[in-house]
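Notes for the one structure printed next.
The values are calculated or read from the model by the stated rules, or taken from the named source; none is laboratory data. Because the structure is predicted, anything quoted here is derived from the model rather than measured. Methodologically, a virtual Cβ is constructed for each residue, glycine included, from the backbone with ideal geometry; neighbour enumeration extends over all protein chains shown.
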Amino acid sequence: MTGEAPERDATPLLSVEDLSTEYAIDGRVVRAVTHVSFSIGRGQVVGLVGESGSGKSATGLSILRLLPREGRIAGGRVLFEGTDLAKLPEADMRRVRGGRIAMIFQDPMTSLNPYLRVEEQLAEAGVLHLGLSHRKAVAEAVALLERVGVPDASKRAHGYPHEMSGGMRQRAMIAMALLGKPSLLIADEPTTALDVTIQAQILDLLRELVRERGLSVILVTHDLGVVAEIADRILVMYAGRIVETGSAREVLTRPFHPYTLSLLRSVPRLDRRASRLESIAGMPPRLDRGPFTECTFAPRCPLVREGCRAREPDLAPAGPDDRRLRRCILAPDEVAR
Amino acid sequence: MTEKSGPWTDAYRRLVKNRLAVAGAGVVAVVTGLCFLLPPLLGLDPATTNPSIAHQPPGAGHLLGTDGLGRDYLARVLVGGQTSLLIGFAATVASVVVGVLYGAVSGYYGGRIDEVMMRFVDFLYGVPYMFLVILIMLLFSETARGNPLPVFVALGLVEWLTMARVVRGQVLTLREREFVLAARLLGAGDFRVIFRHILPNVAGIVTVYGTLTVPAVIILESFLSFLGLGVKLSWGQLVAEAVGVVNPIRSYWWLLLWPSILLATTLLSLNFLGDGLRDAVDPKARR
């Protein structure tokens, strides 16, 4: 399906360096993202995987600096096309949002304004970023709606969101995101609210757009199936940290971190008969209780041993000749199935 | 889906199904039309006095009778209506503009700004409004006696508070909705988010409260006129005059009857219309 990640450009499009994000909630500091580093090249699809609260959405929102008001970037750099977005003045940041980096999210039902005609919302990026007249932007929006596969696009565009189905709305959201001609798309659970057939169509669409426009995509999801379909590389997050990275194929077929392994085991499979679906016992650690003196996954880890409690492992190469990183003291062979 | 459907067309469709609301709108339109069109068309003058026909009951020459100075009462009732309606609508518009802007800013920015802005509203709520109004009237009284402006300022000043609270509450929940985040993700600034994305969602409820503010303002103005704090010529003023000349021997009933009927019908109609609008805009709120 998807080939190996071709690194076309020497300098990555986006490189996140040591990003930390905190939320101040009721006087406590919750470290939602802790020292996260990764990069993404042009035309690449990176899957950001983890369970709820693992910090994957917070990472996406940090890149665009649209955290809720309790949140703030506590440290690190977000280098996009050579500029540190974490330090960019708000006015310049607005030109980046929707213009250079766009984002779509989970629920297409609530992401469209019920009181605005679809075309008016879609055209906005064209007016804001491409300097188009409203009329031209609407024409552009209709053309894009057609491109993303909304039937009868001009009529749909003139209607309201409630007249469209969920799949159509997600297509409209994608069209809206693409109108400003961004080079990076952050897709936060773009298919979670859709049923399976529509899900496949949306993923196909994303794949086509990547091929067609050299679009880079950060795909935030908890669904390993989705990642397997489309991502070149995977970042597995747990408790606000990256616990494993590598090419999608390698990570999914031969995980080096027990958490990734547990995640894979809790995916229902048709080719294996099991009376019970496996789940990961216990709860993720509370992120307002840091810094951690042991591996954050240790309390839930099926392979836990003495050394895991000593200190939190670093994110390090799995072996001397291995480019894959993982945050675990076990040898790869001890983890792999 | 061939039929047109949108939040506004849907609301309109629900509104026209509500007979009471439609009747209310009709009555308001007719009364407004009569008050503003008849006097110039018929050349009616509310100020010409003629002592020889003072206190004439309704009849052929003067359809609604005359008052104590022999002035045509039809003319006085209609021109008085102009003032009442004008103040009602103008003060409402002012309260909508101020209240919506104030509420939107307070709700959107939230936090400390919201805190300060809303405490100021609470403070103004706490000041007895009659005190405020009388103060303003006194300030203006020397320069502008009989001028509707001070009354209008005073009433607008009282009425925007509720509007600000209503809008602020709505905006507070709307700003957390995903389409607002989506708009900001597209690079829209605060101004654009507030005016283009949030306020259309508030328009319905603002229309409802606005419609219900008009009668509230009219009755308040009548009340002030009745107390002698009002303007030169309005329905409230006419009622006050009529009550003043009631005596055990002669009641001059028509002086009291006509402005009262007009006042009551207009207020009732506006309230029906407002209720109808509320049901149309938010059908779920119906009991």
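Against the test of being within 30 Å of B:Ser5 (Cβ to Cβ) and either within 14 Å of another protein chain (Cβ to nearest Cβ) or surrounded by fewer than 23 Cβ atoms within 10 Å (Cβ to Cβ) (or both), the options A:Ala139, A:Ala91 yield a single qualifying residue, A:Ala139. Against the definition (assigned to a helix (DSSP H, G or I) and within 10 Å of chain B (Cβ to nearest Cβ)), how does A:Leu61 come out, yes or no? So A:Leu61 passes the test. Of the helices (runs of 4 or more DSSP H) lying entirely inside segment B:195-287, those containing at least 3 residues that are under 30 Å from A:Ser111 (Cβ atoms) span B:199-226, B:253-281.
Can you say whether B:Pro248 is within 13 Å of another protein chain (Cβ to nearest Cβ) and either without any contact (Cβ under 8 Å) to a residue 40 or more places away in the chain or more than 26 Å from B:Leu149 (Cα to Cα) (or both), as far as the supplied structure shows?
Details: within 13 Å of another protein chain (Cβ to nearest Cβ): no; either without any contact (Cβ under 8 Å) to a residue 40 or more places away in the chain or more than 26 Å from B:Leu149 (Cα to Cα) (or both): yes.
Spelling it out, it is not the case that B:Pro248 is within 13 Å of another protein chain (Cβ to nearest Cβ) and either without any contact (Cβ under 8 Å) to a residue 40 or more places away in the chain or more than 26 Å from B:Leu149 (Cα to Cα) (or both).
Evaluated against (1) under 14 Å from the mean Cα position of the chain (by Cα); (2) farther than 29 Å from A:Gln121 by Cα, A:Val217 falls short on exactly one condition, (2).
Which one of A:Glu229, A:Glu244 is among the acidic types (Asp, Glu), assigned to a strand (DSSP E or B) and closer than 25 Å to A:Phe105 by Cα?
A:Glu244
If you go through segment B:13-44 and keep only what is surrounded by 13 or more Cβ atoms within 10 Å (Cβ to Cβ) and either within 14 Å of chain A (Cβ to nearest Cβ) or not hydrophobic (A, V, I, L, M, F, W, C) (or both), you end up with B:Arg13, B:Arg14, B:Asn18, B:Gly24, B:Thr32, B:Pro39.
Scanning segment A:142-153 for residues that are among the charged types (D, E, K, R) and surrounded by fewer than 16 Cβ atoms within 10 Å (Cβ to Cβ) turns up just one, A:Asp152.
Evaluation of A:Ile230 against the conditions (1) within 14 Å of the chain's Cα centre (by Cα); (2) closer than 19 Å to A:Leu19 by Cα shows that the sole unmet condition is (2).
Looking only at segment A:94-103, which residues are more than 8 Å from chain B (Cβ to nearest Cβ) and of a type outside the set (D, E, K, R)? The one that is more than 8 Å from chain B (Cβ to nearest Cβ) and of a type outside the set (D, E, K, R): A:Ile101. Considering only residues in segment A:142-155 that are more than 25 Å from the chain's Cα centre (by Cα) and in a helix (DSSP H, G or I), the one that is nearest to B:Ile194 (Cα to Cα) turns out to be A:Val142. What about B:Leu224, is it modelled with pLDDT of 85 or more, crowded, with 22+ Cβ neighbours inside 10 Å and farther than 19 Å from B:Val31 by Cα? Against the criterion (modelled with pLDDT of 85 or more, crowded, with 22+ Cβ neighbours inside 10 Å and farther than 19 Å from B:Val31 by Cα), B:Leu224 does not qualify.
Just a yes or no: is a residue in segment A:303-316 out of contact with any Lys or Arg (no Cβ under 8 Å at 6 or more places or on another chain), closer than 20 Å to A:Gly55 by Cα and outside any loop (DSSP other than H, G, I, E, B)? Taking every residue of segment A:303-316 in turn, none turns out to be out of contact with any Lys or Arg (no Cβ under 8 Å at 6 or more places or on another chain), closer than 20 Å to A:Gly55 by Cα and outside any loop (DSSP other than H, G, I, E, B).
Residue count for segment A:121-136, restricted to those that are over 23 Å from A:Glu208 (Cα atoms) and facing chain B (nearest Cβ under 10 Å): 5. When you check A:Ile202 against the structure, is it away from chain B (no Cβ under 14 Å) and not acidic (Asp, Glu), yes or no? Judged against the criteria, A:Ile202 is a match. For segment A:153-165, the count of residues that are touching a Leu at 6+ places or on another chain (Cβ under 6 Å), within 11 Å of another protein chain (Cβ to nearest Cβ) and in contact (Cβ under 8 Å) with a residue 40 or more places away in the chain is at least one.
For segment A:306-337, what are the residues that are within 22 Å of A:Ser266 (Cβ to Cβ) and either touching a Gly at 6+ places or on another chain (Cβ under 6 Å) or surrounded by 12 or more Cβ atoms within 10 Å (Cβ to Cβ) (or both)? Residues satisfying the conditions are A:Cys308, A:Arg324, A:Arg326, A:Arg327, A:Cys328, A:Leu330, A:Pro332, A:Glu334, A:Val335, A:Ala336.
Output yes when any residue across segment B:131-152 is surrounded by 17 or more Cβ atoms within 10 Å (Cβ to Cβ) and either closer than 28 Å to A:Leu122 by Cβ or within 14 Å of another protein chain (Cβ to nearest Cβ) (or both), and no when none is. The answer is no, given that none of the residues of segment B:131-152 is surrounded by 17 or more Cβ atoms within 10 Å (Cβ to Cβ) and either closer than 28 Å to A:Leu122 by Cβ or within 14 Å of another protein chain (Cβ to nearest Cβ) (or both). Only residues that are buried (at least 18 other Cβ atoms within 10 Å of the Cβ), under 14 Å from A:Pro114 (Cα atoms) and either within 8 Å of chain A (Cβ to nearest Cβ) or modelled with pLDDT of 90 or more (or both): list them for segment B:182-209, please. Within segment B:182-209, B:Ala182, B:Ala183, B:His197, B:Ile198, B:Leu199, B:Asn201, B:Val202 qualify.
Of the helices (runs of 4 or more DSSP H) lying entirely inside segment B:42-152, those carrying at least 3 residues that are under 30 Å from B:Val167 (Cβ atoms) and in contact with a Phe, Trp or Tyr (Cβ under 8 Å, 6 or more places away or on another chain) are B:73-109. Selection of segment A:259-296 for residues being touching a residue at least 40 places away in the same chain (Cβ under 8 Å), assigned to a helix (DSSP H, G or I) and more than 20 Å from A:Arg323 (Cβ to Cβ) yields A:Ser262, A:Leu263, A:Leu264.
Going residue by residue through segment A:111-120, is there one that turns out to be more than 9 Å from chain B (Cβ to nearest Cβ), crowded, with 21+ Cβ neighbours inside 10 Å and polar (S, T, N, Q)?
No, segment A:111-120 contains no residue that is more than 9 Å from chain B (Cβ to nearest Cβ), crowded, with 21+ Cβ neighbours inside 10 Å and polar (S, T, N, Q).
Results for (1) assigned to a helix (DSSP H, G or I); (2) buried (at least 22 other Cβ atoms within 10 Å of the Cβ), shown as yes or no for each residue.
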| position | (1), (2) |
| --- | --- |
| A:Arg135 | yes, no |
| A:Ala157 | yes, yes |
| A:Gly167 | yes, no |
| A:Ala175 | yes, yes |
| A:Pro190 | no, yes |
